[in-house]
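Engineer: Have a look at the structure that comes next, please.
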Amino acid sequence: MALMPVADALTAILAGAEPLPEESVALDAAYHRVLARDLAAMRTQPPQTMSAMDGYAVRSTDASHAGARVKVIGEVPAGRPFGGAIAPGEAVRIFTGGVIPEGADAIVIQEDTVVDGGHISITEAAVAGRHIRPAGIDFRKGDVLLAKGSRLTDRDLSLAAGMNYPEIPVRRRPKVAILATGDELVMPGSSPEPGQIVYSNGYALHALARREGADTLDLGIAPDSFEATREGIRRARDSGADVLVTTGGASVGDHDFVKRSLESEGVAIAFWKIAMRPGKPMMHGRIGQMRVIGLPGNPVSSYVCSFLFLVPLIRALSGSRVVHHPREKALLGRDVAANDLREDYLRARLETRSDGALIAVPVQHQDSSLLANLAAARALVIRPPFAPKASAGTACEILRLPA
């Protein structure tokens, strides 16, 4: 099977990836969920014209100059509107959030008054409209304020509450099952025997998927056997996973069982091997509604492929308006060699020059097993196939990695 270009591989993975069904959740459970429908305000905010300050509601013509004196005929706490109207020469004591009485068109703040029995003297002239919040200045009933496909922020939840929604419609979270393979893998905290390595890939993959709003299922580590790998695939399918992610066993060695196991379980392989570095032996397929992404075992390859392919898939299944990673312009911070037929994703640090230019500095060693360099990277520098060598200062494109 020929190497598939990266763009074609992503198109294949996203093909038919429709948003998952809608469900309604309580507002306090909706943080970072993806909105399934546009939300229109169910009320006007504020519902009436209100005071923005503590002071006195007056007719501006009665308080147009320092020394003006008006009679105080009542008060308006927040939540308790005044029952009547203000006549010429009258004022009402009002507090922040109080409804402006009929007849008043200005607020004199309490610091600009002197209380004299049942009257106040004005020390600074009132201005019509000052310190008043008109009805609907924030939003009006029927205004669409939260758009379908938005991933809800903390501020969005506050807005939805103000719009009078106790619960909101969101997309079901994608369920991502993660299966590691390899006799050589042992869990963190173990004492590895000769030839064994500590399993690390899954921790990044679970975190990356959860960051995008997915629920994850840890299927553990399957030893290098046909039956154990098939059993892990069945468990993912039986769990109702939307996506199965496997790590390791995706190459062509005698102990690489993933591809054969997937095919034996009825997974139709859409592609195997892509024209990228790191991550050449990645594969993708489907069985029913479950999509499968088979990742290489090297930790950098596993992470970069997940970032490039799994994250957009989760976003598409979540109904997010933003599916693809945005590309940014930067300048290379060091020379890079010419590229071959594979699209290269160089791990890089980011720096900001004194003139504001963004500098991407590829790490010295790009080996796909180097976790420390991956952790230090803040971006991927994209090198197209057959790109010529480039010197420091040359323009390049980057993808920022999650912070």
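Engineer: Alpha carbons only, please: Rg and Dmax for segment 50-133, in angstrom.
Structural biologist: Cα radius of gyration and Dmax of segment 50-133 are 10.8, 31 Å respectively.
Engineer: Could you tell me the calculated FRET efficiency between residue 394 and residue 28, based on Cβ-Cβ distance and R0 = 45 angstrom, to the nearest 0.05? Walk me through the intermediate numbers first.
Structural biologist: Values: r = 49 Å, r/R0 = 1.09.
Calculated value: 0.35.
Engineer: Per residue, what volume in Å³ does the Cα convex hull of segment 1-99 take up?
Structural biologist: Details: hull volume 21.8 nm³, N = 99.
Looking at segment 1-99, the number lands at 220 Å³ per residue.
Engineer: Rounded to a whole number of µm²/s, how large is the Stokes-Einstein D of the chain at 10 °C and 1.306 mPa s, given Rh as the Kirkwood radius over C-alpha pairs?
Structural biologist: Values: Rh = 25.6 Å.
Diffusion coefficient, whole number: 62 µm²/s.
Engineer: What lysines sit close enough to residue 280 to cross-link, taking a C-alpha to C-alpha distance under 30 Å and skipping anything fewer than 8 places away on the same chain?
Structural biologist: Cross-link targets: 175, 259, 329, 389.
Engineer: Shape verdict for segment 1-43, please, from the Cα gyration tensor: rounded (a/c under 1.5), prolate (a/b greater than b/c) or oblate. Intermediate values should be presented prior to the final figure.
Structural biologist: Values: a/c = 3.89, a/b = 3.32, b/c = 1.17.
Since a/c reaches 1.5 and a/b is larger than b/c, the shape of segment 1-43 is classed as prolate.
Engineer: Moving on to the next point. Ranking request for peptides 55-63, 109-117: highest mean number of other beta-carbon atoms within 10 Å first, then the rest in descending order. Each step should come with its number before you reach the end.
Structural biologist: Details: 55-63: 23.2, 109-117: 13.4.
Packing proxy ranking, top to bottom: 55-63, 109-117.
Engineer: Pulled fully out, how much extra length does the chain show between residue 111 and residue 354, if you take 0.36 nm times their separation in residues and subtract their Cα-Cα distance?
Structural biologist: Working: separation 243, 0.36 × 243 = 87.48 nm, distance 4.72 nm.
Going from the current span to full extension adds 82.8 nm.
Engineer: A further question on this structure: Could you tell me which trypsin sites (Lys or Arg not before Pro) in segment 349-382 are loop residues by DSSP with no more than 10 other beta carbons within 10 angstrom of their beta carbon? Working shown, then result.
Structural biologist: Values: sites: 349, 353, 378; in loops: 353, 378.
Listed in order of number, the matching sites are 353.
Engineer: Considering only the other residues whose Cβ falls under 14 Å of the Cβ of residue 207, what net charge follows from Lys and Arg at +1 and Asp and Glu at -1?
Structural biologist: Values: positive: 210, 211; negative: 212, 215, 218.
Here the count lands on -1.
Engineer: Still on this structure, please answer the following. Given R₀ = 51 Å, FRET efficiency for residue 119-residue 140 by Cβ-Cβ distance, to 0.05?
Structural biologist: Working: r = 38 Å, r/R0 = 0.75.
Efficiency, from the Cβ-Cβ distance: 0.85.
Engineer: Any idea how far the Cα center of segment 72-96 sits from the one of segment 190-244, in Å?
Structural biologist: 67 Å
Engineer: Now for a different question. Using a 7 Å offset from the Cα along the Cα-to-Cβ direction at both residue 158 and residue 42, what is the distance between the two label points in nm, to one decimal?
Structural biologist: Distance between the two pseudo-spin positions: 2.1 nm.
Engineer: So, in Å, what gap is there between the alpha-carbon centers of segment 267-341 and segment 114-180?
Structural biologist: Taking the Cα centre of each part, segment 267-341 and segment 114-180 sit 39 Å apart.
Engineer: Go ahead and run the numbers for FRET between residue 371 and residue 215, Cβ-Cβ distance against an R0 of 25 Å, rounding to 0.05. The partial results should precede the final answer.
Structural biologist: Details: r = 26 Å, r/R0 = 1.03.
Calculated transfer efficiency: 0.45.
Engineer: Would segment 192-298 count as rounded, prolate or oblate if I go by the C-alpha gyration tensor, calling it rounded below 1.5 in a/c and otherwise prolate when a/b exceeds b/c, oblate otherwise? Walk me through the numbers before you get to the answer.
Structural biologist: Working: a/c = 1.23, a/b = 1.09, b/c = 1.14.
Because its axes are fairly even, with a/c under 1.5, segment 192-298 counts as rounded.
Engineer: Using a cut-off of under 17 Å, list every residue of segment 308-351 whose amide N is near the label point 7 Å from the Cα of residue 7 along the Cα-to-beta-carbon line.
Structural biologist: Under 17 Å, as judged by backbone N against the label point of residue 7, lie 309, 324-328, 341-345 of segment 308-351.
We did not get these values from a lab; they are worked out from the coordinates using the rules stated. Note that this is a predicted model, so its numbers are computed, not measured. Glycine gets a Cβ as well: all are built from the backbone with ideal geometry, and neighbour counts include every protein chain shown.
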